[in-house]
Amino acid sequence: MPGTMNTVRDLKRMPDVGLLGSFGPSTPERLQFQRQLAKLDVPMARGRILHLSVVFPASPEAAHEVLVTKAKSFEKSPGIRVLLYLLAGQGLFTSEGGLWKRQRKLMSPIFQPAPMHQYAETMRLVAERAADGMRAGQTIDVAHETTRIAMSVVGKALFDVDTFDEADALGGALTTCLSWVNRNLAKPALVAHVLMLDATEALAAKTSGGLSAFFKRAHDKVVEPFLLPGVNDPELRAAAQLLDERIQSMIDERRKAGFQRKDLLTRLMLAEDPELGGRMSDKQVRDEAITIFVAGHETTATALAWSFYLLARHPEHFARAQAEADAFGDGPIEEWQPEKLAFLTRVFRETMRLFPPIMMMPRRTLEEVEIAGTTLPARTLVFVSAYAQHYRAESYPNPDAFDPDRWLPEQEAIRHKSSYLPFSAGPRFCIGMHFAMMEGPIVLATLLRRWRFEIDPTREITEDDFATLRPRGGVQATVRAR
Ligand code: HEM
């Protein structure tokens, strides 16, 4: 009835896929759930996690309201904060409210396209070095190679260090911390932390005076991941300490040398709020540096690995990709001209449609809000699925087909903006998007010029949705000379 608002109860109920409700026990069930979401002809549906009702926007319009037009009524959900606390503290990915707002404002100018262009040459050089290290006939895991490349690229851009992979002390320490994070995703202890965060927050809001302050302190304490297995492991602690010390000494060195370097660390240290003035504290710079490192390499590496896989399975697109790579040449990139890599850019985009590295954006309502005609009460969990958007046949006819030309400008123009969400949308969209959209095509071109990766066409590779949507077991390939 016009004028009558629906409640969450009125939404279509998605069938459970596991004991937990809407989140299945393993990747195939979780992906299956999102494919069902992609087929819905209603704007939004509901599901559950244990006893909690949760909401899934299905139409691009509903996703757009959550992420963009009504973003003020949402925050990110708290689980990720606990997991990344040890590593990234209060960096941009995990922070909220005033701190996030100030930091985003300080950092946005650094990540605009023009200042990012200076890193194009770094991207090419790192990929070139990786290509130099390969031999014809050798068997490689393409996913492992792209991880090393993406780690080195972000390491050089951030810290201006030349060798940066898991063999280096800093890279090794980061790898140790990251694999701890990966091991603890979806563990019961994490769920316990999230429930405690939720309970202490609710109690702080419901009480007043000293009691409220007590629950607020308890809440701040629960953000620290003390319940997670292995958090006091000496190896993890040593890695975390080494990270702190190494980054602090890089900060000190830059200050002493008068900020000569052009790396992101220097830029973060120099960033100043034009209105309020003031720079970040060293601790904040550290948190942001690690956040950029973490957010900036596995995502890109995964998208690159899938790109090589898809190209290997589609000879017609592969031939075009190679032709473009050859024309790009191997000289220094003095000026970044994206039109020279237009096809590889479309390949990279289409790859992220089929395999969005971050497939889900979890949000929670801060207040009662209306989305697509339904009133969501405060503290409702809302999951925006990039994956579901990317498999909607209304947006992408024949959605399973790999077709880079979907990204020709005239085709792109007719689609709803929020039908493509690999970088999310709205105020919290990926700040590293321009960086990633240069890195993907440049690394593809540099490697494709030199080598062909032969991937057994009969071997179907499936997804693994831990942390990012990775190829399960990597992408085994034989290196062939061009
Ligand atoms: C293909 C590569 C990448 C993908 C698919 C990707 C995806 C995303 C997504 C989906 C979000 C938003 C999450 C949410 O709204 O819940 C995000 C946020 C973020 N990304 Fe990326 N990212 C990529 C590369 C990068 C790079 C290269 C950097 C840094 C150099 C970076 C830094 C960040 C940061 C700092 C945030 C938090 C922004 C905020 O909340 O204000 N990302 N990314």
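The values are calculated or read from the model by the stated rules, or taken from the named source; none is laboratory data. Note that the structure is a prediction, hence the values are computed from the model and not measured. For neighbour counting, all protein chains shown are included, and Cβ atoms are generated from backbone atoms with ideal geometry for every residue, glycine included.
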Could you tell me which residue of the stretch 432-478 is nearest to the ligand (Cβ to nearest atom), considering only residues that are touching a Ser or Thr at 6+ places or on another chain (Cβ under 7 Å) and part of a loop (DSSP other than H, G, I, E, B)?
Thr468
Looking only at the stretch 56-72, which residues are among the small types (Gly, Ala, Ser) and within 15 Å of the ligand (Cβ to nearest atom)?
Ala63, Ala71
Go through the stretch 123-154 and give me each residue that's modelled with pLDDT under 95 and among the hydroxyl-bearing types (Ser, Thr, Tyr).
Thr147, Ser152
Just for the stretch 225-258: of the residues that are under 15 Å from Asp287 (Cα atoms) and surrounded by fewer than 16 Cβ atoms within 10 Å (Cβ to Cβ), which one is farthest from the chain's Cα centre (by Cα)?
Ser249
May I ask you to list the residues in the stretch 322-342 that are out of contact with any Lys or Arg (no Cβ under 8 Å at 6 or more places or on another chain) and aliphatic (A, V, I, L, M)?
Ala323, Leu341, Ala342
Contact list please: Cβ distance under 7 Å, first residue in the stretch 133-152 and within 12 Å of Phe453 (Cα to Cα) and in contact (Cβ under 8 Å) with a residue 60 or more places away in the chain, second residue in a helix (DSSP H, G or I) and charged (D, E, K, R), pairs at least six apart or on different chains.
none
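Looking at the stretch 268-378, what helices (runs of 4 or more DSSP H) fall wholly within it and have at least 1 residues that are free of Cβ contacts under 8 Å to residues at least 12 places away in the same chain and acidic (Asp, Glu)?
On the way: elements: 282-313, 315-328, 342-354.
The helices (runs of 4 or more DSSP H) meeting that bar are 315-328.
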Leu67 vs (1) assigned to a helix (DSSP H, G or I); (2) modelled with pLDDT of 95 or more; (3) surrounded by fewer than 16 Cβ atoms within 10 Å (Cβ to Cβ): all pass except (3)
Of the conditions (1) out of contact with any Asp or Glu (no Cβ under 8 Å at 6 or more places or on another chain); (2) surrounded by 14 or more Cβ atoms within 10 Å (Cβ to Cβ); (3) not hydroxyl-bearing (Ser, Thr, Tyr), the single one that Asp400 does not satisfy is (2)
If we keep just the residues of the stretch 409-425 that are crowded, with 19+ Cβ neighbours inside 10 Å and in a helix (DSSP H, G or I), which is farthest from the ligand (Cβ to nearest atom)?
Ser419
Could you give me the residue pairs with C-beta distances under 6 Å whose first residue belongs to the stretch 51-80 and is among the aromatic types (Phe, Trp, Tyr), whose second residue is within 12 Å of the ligand (Cβ to nearest atom) wherever it lies, and which are 6+ apart or on separate chains?
Phe56/Phe383; Phe74/Arg363
Out of Arg346, Arg392, Arg406, report the one residue that is surrounded by 13 or more Cβ atoms within 10 Å (Cβ to Cβ) and within 16 Å of the ligand (Cβ to nearest atom).
Arg346
Could you tell me how many of the residues in the stretch 47-59 are farther than 17 Å from Gln36 by Cβ and touching a Lys or Arg at 6+ places or on another chain (Cβ under 8 Å)?
1
Kindly provide the set of residues from the stretch 89-142 that are in contact with a strand residue (DSSP E or B) (Cβ under 8 Å, 6 or more places away or on another chain), away from the ligand (no atom under 16 Å from the Cβ) and not in a helix (DSSP H, G or I), ordered by number.
Met134, Arg135, Ala136, Gly137, Gln138, Thr139, Ile140, Asp141
Answer with yes or no whether Arg449 is within 30 Å of Asp132 (Cβ to Cβ), without any contact (Cβ under 8 Å) to a residue 60 or more places away in the chain and of a type in the set (Lys, Arg).
no
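For the stretch 48-61, name all the residues that are crowded, with 23+ Cβ neighbours inside 10 Å and more than 20 Å from the chain's Cα centre (by Cα). Give the derivation first.
Taking the stretch 48-61 as the starting set, the residues that turn out to be crowded, with 23+ Cβ neighbours inside 10 Å are 55-58.
Across the stretch 48-61, the qualifying residues are Val55, Ala58.
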Within 24 Å of the chain's Cα centre (by Cα) and surrounded by fewer than 21 Cβ atoms within 10 Å (Cβ to Cβ): which single residue out of Thr458, Thr462, Thr446, Thr375 fits that description?
Thr462
Return yes or no: is Ala157 modelled with pLDDT of 90 or more, at negative phi and among the small types (Gly, Ala, Ser)?
yes
How about the stretch 98-144: which of its residues are of a type outside the set (S, T, N, Q) and within 15 Å of Arg480 (Cα to Cα)?
Ala130, Ala131, Asp132, Gly133, Met134, Arg135, Ala136, Gly137, Ile140, Asp141, Val142
Of the conditions (1) in contact with a strand residue (DSSP E or B) (Cβ under 9 Å, 6 or more places away or on another chain); (2) within 16 Å of the ligand (Cβ to nearest atom), Ala157 fails just one. Which one is it?
(1)
